[in-house]
Amino acid sequence: SLASTAVTCFTRGLDLRKETEDVLCPANCPLWQFYVFGDGVYASLSSVCGAAIHSGVITSAGGAVRIQTLPGQENYPAVNANGIQSQVLTRWASSFSVTRSKNTALEAVGRSVSTARPSTGKRPKKTLDKKAGNKDCKADIAFLIDGSYNIGQRRFNLQKNFVGKVAVMLGIGTEGPHVGVVQASEHPKIEFYLKNFTAAKEVLFGIKELGFRGGNSNTGKALKHTAQKFFSLENGARKGIPKIIVVFLDGWPSDDIEEAGIVAREFGVNVFIVSVAKPTTEELGMVQDIGFVDKAVCRNNGFFSYQMPTWFGTTKYVKPLVQKLCSHEQMLCSKTCYNSVNIGFLIDGSSSVGDSNFRLVLEFISNVAKAFEISDIGSKIAAVQFTYDQRTEFSFTDYTTKEKVLSAIRNIRYMSGGTATGDAISFTTRNVFGPMKDGPNKNFLIVLTDGQSYDDVRGPAAAAQKAGITIFSVGVAWAPLDDLKDMASEPRESHTFFTREFTGLEQMVPDVIRGICKDFLDSKQ
């Protein structure tokens, strides 16, 4: 029989339970670390593999060994043999001897294990810095586990085992993936955050300690709660790293999950659904919304949904799921309109605006800018003021935090002069958007003006749009509607805004933000 005990370099005789036992010693045990007492007959305190090498039964390449338990004796001698110095022991309660294993199947395994040791796949194995983890899989992941009466205590434990295996295979570490766990039942409970553990061992312990809560499976409620609360910077989320929620669902949700899916997408979270035991035909009548998976996942393209028939025998499902979670470029929901746009403001500084109205314009710009996640890897803001002349107040690369951008907007000084909007659009396209041409963000220009332009706006606006810039025109007071429409991107109606008074700008802020986000999403579909 192939019944063999896999042992480590440091397994001792007294760790084995049987009278006679066949063991398989690993390769490359560090000889100087072996504790061996005696010669031929070894005190059971000794390392079994160390004794096997000492007595010449195997080499440091490892292999199969038979261990025979013997009674204790006095005076185990110290002998140096095969690179191991054994030590003296005056008396011990039990001993063992080592011989070549008669187990031929094991012997074959032993040989193949020890000789096939160095080659582990195609390329030489990168030494994995244990603490850093798998740097090729940067992700912040929340496992949203099912703690409802649907799943029950027993399957809940199988689910914990599965999540543990996934966590280990991900290669958690300081510079690799970070994970946390939320339990969905009647009310969601965040069990631990991303920042709590950065080593797989700790995460496994955290998962093991989870208690089953029971209750309805309000997955929608839990998903929404997780998307909104789990990924804050103070809870350990990292800037510029994909946020992922893996929802485990046994059966189907008791509540509506569609709205939660929308919230998650708005927050830039990639939702995966792992559904186990899909509802049977008889059960479908109890399901609120048969298409619940498609409505909750990041994109309904097949990549974000994953099915397992039952919680039993799930080991083969671990690796494919891990590969999905580590496919950085597939995380289509990480980019949101809030963190992936460049917004340039083109501000009319002509004399008809006046000082106090100019302040209202700056306030409008601040309120729009405030909605976005501004950083070196996120959204960026620029501003140009124009009369007959143009002045770049600040470019996209000048400020990479929201505070600095808002303070730069406050410090813009009113120029006063004529109105050459067409020239200003050309200037901005060339000098402000030009350097960003090949960047990852989507480009938007918001033109604010209170009057008729002295030059043609149509040509410069068409050229800007051809260069990939989406234009919103915001007109106040005497700005002619024809000009505004000529500048705006298609569909012109939804890209043109107008108010009689400067005080009306404030009400437009949410609509402009919504317009930017709508264009952004349309460009991604």
**Request:** Restricting to region 5-100, compute how many DSSP beta bridges are antiparallel as a %, nearest 5.
**Result:** 90 percent
**Asked** Using 1/(1 + (r/R0)^6) with R0 = 30 angstrom and r between the beta carbons of Asp455 and Arg413, what's the FRET efficiency to the nearest 0.05?
**Response** 0.80
**Item:** Net charge dipole size for region 140-330 [Lys, Arg +1 and Asp, Glu -1 on Cβ; Debye, nearest 20]
**Value:** 620 debye
**Message:** Ordering Met169, Met415, Met508 by accessible area with a probe of 1.4 Å, largest first, what comes out?
**Reply:** Met169, Met415, Met508
**Item:** Structure-derived Cα extents along the principal axes in Å: which label, when the choices are (1) 151, 115, 59; (2) 190, 81, 34; (3) 108, 58, 35
**Value:** (3)
**Fill in**
The correct ranking of Asp256, Asp438 by accessible area at 1.4 Å, largest first, is Asp438, Asp256
**Percent carbon-and-sulfur accessible area, region 1-106, ignoring ligands, DNA and RNA, probe 1.4 Å** = 55 percent
**Prompt:** Rounded to the nearest whole Å², what accessible area per residue is found for the chain with the 1.4 Å probe?
**Reply:** 47 Å²
**Fill in**
Reported to the nearest 10 Å², Asp294 has, with a 1.4 Å probe, an accessible area equal to 80 Å²
**Request:** Give me the accessible area of Leu16, 1.4 Å probe, in Å² rounded to the nearest 10.
**Result:** 20 Å²
**Asked** Can you pull the accessible area of Glu493 for me, 1.4 Å probe, Å² to the nearest 10?
**Response** 130 Å²
**Complete:** For region 341-522, the accessible surface attributable to carbon and sulfur atoms (probe 1.4 angstrom, ligands and nucleic acids excluded) amounts in percent to 50 percent
**Request:** Place a +1 charge on the Cβ of each Lys and Arg in region 271-373 and a -1 charge on the Cβ of each Asp and Glu, then give the dipole magnitude about the Cα centre in debye, rounded to the nearest 20.
**Result:** 480 debye
**Request:** State, as an integer percentage, the relative contact order of region 5-100 based on alpha-carbon contacts under 8 Å between residues 6 or more apart.
**Result:** 32 percent
**Complete:** For region 248-380, averaging the sequence separation of alpha carbon pairs under 8 Å that lie six or more residues apart and dividing by its residue count, the contact order in percent is 24 percent
**Complete:** Among beta bridges assigned by DSSP with both residues in the chain, the antiparallel ones amount in percent, to the nearest 5, to 35 percent
**Item:** Loop trypsin sites (Lys or Arg not before Pro), region 426-455 (other Cβ atoms within 10 Å of the site Cβ: 12 or fewer; DSSP)
**Value:** Lys437
**Fill in**
With only helices counted (DSSP H, runs n ≥ 4, each -39500 (n - 2.57)), the per-residue ellipticity at 222 nm for the chain, to the nearest 500, works out to -8500 deg cm²/dmol
**Asked** How would Trp478, Trp311 rank on accessible area, largest to smallest, probe 1.4 Å?
**Response** Trp478, Trp311
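The values are calculated or read from the model by the stated rules, or taken from the named source; none is laboratory data. Just so you know, these numbers come straight off a predicted model, no measurement behind them. No Cβ is skipped: glycine too gets one built from the backbone with ideal geometry, and neighbour counts run over all protein chains shown. Protein only, heavy atoms only, side chains kept; ligands, DNA and RNA dropped before computing areas. Shrake-Rupley method; radii C 1.70, N 1.55, O 1.52, S 1.80 Å.
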